[in-house]
Amino acid sequence: MSNDIGSPIPPLPERSAQDAAAEGAYPPPTATYQSPNPAPASQPSYQWAPQPQNEPKKKDRSTGGAKLAGLVVVAALIGGGVGFGGAWLGLAAFDGSDEPAAVASNTGQGITINNPDDVNETAAVAASALPSVVTIEAQSSSAGGSGSGVVLSEDGYVLTNTHVVTLGGATSDAQIRVTGSDGTLYDATIVGTDPIYDLAVIKLEGASGMTPMDFADSSKVNIGDNSVAIGAPMGLPNTVTTGVISNTNRSIEIQSSAAPEGDDTGGGQGGEGEDDNSQSPWFFDLPGQEEQQRQSAESIKIAVLQTDAAINPGNSGGALVDDEGKLIGINVAIATGSSSSEEGGSIGLGFAIPSNIAERVANEIIEDGQATHGLLGASVTPSSAVEGTTTTGAYIAEVVGDGAAEEAGLKKGDVITQFNGVRVNDSVDLTAQVRAAAAGSEATFVYVRDGEEHEATATLGTLE
């Protein structure tokens, strides 16, 4: 099987992390705490993070790199409630006084600022970004789980992952509760989901005065830049971890029962040929539905930022921010070292959907209830799998009539090496980049034909 790739959110006000650290006072919620007690899994994959059993009372109101050698398991970062003890940790007070800030509970850890006069960069980033990250709980008649989300607007639009609000594709009508960083509880409804890029937008009922996340330009992120992951790993809300961006142009493939049935979003609109999964070291099991995912023939391919900030189950849908507290990515997956390990966890390979892609998809969902994705109109396969090719990239196996590829003048045997300025190493990269672009947008290509490099432009079609 071949791979065929064939009103917006208003600008958010600028505010520095240091200002937020100097100003902010976030009182801790009153809550009962329990420590998480994860149940062992037979296969490492997605694990639902523990859900709170005793809830607070509701208030009134680039460059591409070679794929990793060896076997790794890419696991979604949503956590599961079944078999877990509950846990709720609130944000500690940060009042700018000389006294140590109070932690939320003596049985848990909040964000504690012991010396407000000497706040480091990570503490300032946390103070700035934490109010814009929420914890999401989804529950159906047969399953439940939790993840994280990023606040988009003062009236409660929140961006997260599709697999968080659909319980790994198991349901389309889960009951959703959301907890703000200050402990306020909200009911929420799904505005729209985008299983092609595993993103979703929900709306909190009765929300007002929330703190929207400030978006950075993810196309300007460099390898080595500082990164801070914020979310609820293992059911521990308001958790902050730090690291660096370890790659800016990684593409991963995900077997997904949430993907549209009958659509090989891994690549192919219009062709039949070799499936490039055989050469991929990546495995991706959606949380709580591991067996179903392994049996699914559907897949999605997404472009991601790679970070070594510690990311764990429960971080799904949460924020990856830069050293100014601005969003650079939506946390979506981790890699673990073995398909036979009992529990998934961070080994320093985390993945986030770039903020530019996430913002476009969120805007379209809010406006229209769904997002669009580009279509190339060609069947492709890794050039490394084609005998006689000497160029790394995506090999054109077939061009579909009246598509973007034909418009660009691409022919069978061409090897695409760049798409919209991004390096293409294989068909997974090309599919992920084409899907990241909006339907009807103009795309630029660099391709090799008969040993010579060429450039072309075309208008992408629409993935149906």
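No value in this document is a laboratory result; all are computed from the given coordinates. Everything quoted here is computed from the prediction, not taken from an experiment. Here the Cβ is made from the backbone with ideal geometry for all residues, glycine too, and neighbour counts use every protein chain on show.
Okay, here's what the table says:
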{"item": "Extension gain from D173 to S219, taking 0.36 nm per residue of separation minus the Cα-Cα distance", "result": "13.1 nm"}
{"item": "Local electrostatic count at I365 - Lys and Arg +1, Asp and Glu -1, tallied over other residues with Cβ under 14 Å", "result": "-4"}
{"item": "Built amide H within the under 5 Å cut-off of A378, gap 5+", "result": "I5, G6, Q269, V400"}
{"item": "Built amide H within the under 5 Å cut-off of S227, gap 5+", "result": "G243, V244, I245"}
{"item": "Cα gyration tensor category, rounded, prolate or oblate, for the range 155-261 with a/c compared to 1.5", "result": "oblate"}
{"item": "Likely footprinting exposure, D402, D198, fewest C-beta neighbours within 10 Å first", "result": "D402, D198"}
{"item": "S299, S128 arranged by Cβ crowding within 10 Å, fewest neighbours leading", "result": "S299, S128"}
{"item": "Karplus-derived 3J(HN,Hα), 6.51/-1.76/1.60, for each residue of the range 409-419, Hz, glycine and proline x", "result": "x, 6, 10, 4, x, 5, 10, 7, 10, 9, 9"}
{"item": "Estimated FRET transfer efficiency (T389, T189; beta-carbon r; R0 35 Å; 0.05)", "result": "0.10"}
{"item": "FRET E, pair T462, E205, Förster distance 35 Å, beta-carbon r, rounded to 0.05", "result": "0.60"}
{"item": "When the range 349-464 is reduced to its Cα atoms, the Kirkwood hydrodynamic radius in Å", "result": "14.6"}
{"item": "Neighbour-count order for V428, V332, fewest beta carbons within 10 angstrom listed first", "result": "V428, V332"}
{"item": "Whole-number D in µm²/s for the range 403-460 (Stokes-Einstein; Kirkwood sum over Cα pairs; 25 °C, 0.890 mPa s)", "result": "216"}
{"item": "³J(HN,Hα), Karplus 6.51/-1.76/1.60, whole Hz, each residue of the range 119-131, x for Gly, Pro", "result": "7, 7, 4, 5, 5, 5, 4, 4, 4, 6, 9, 4, x"}
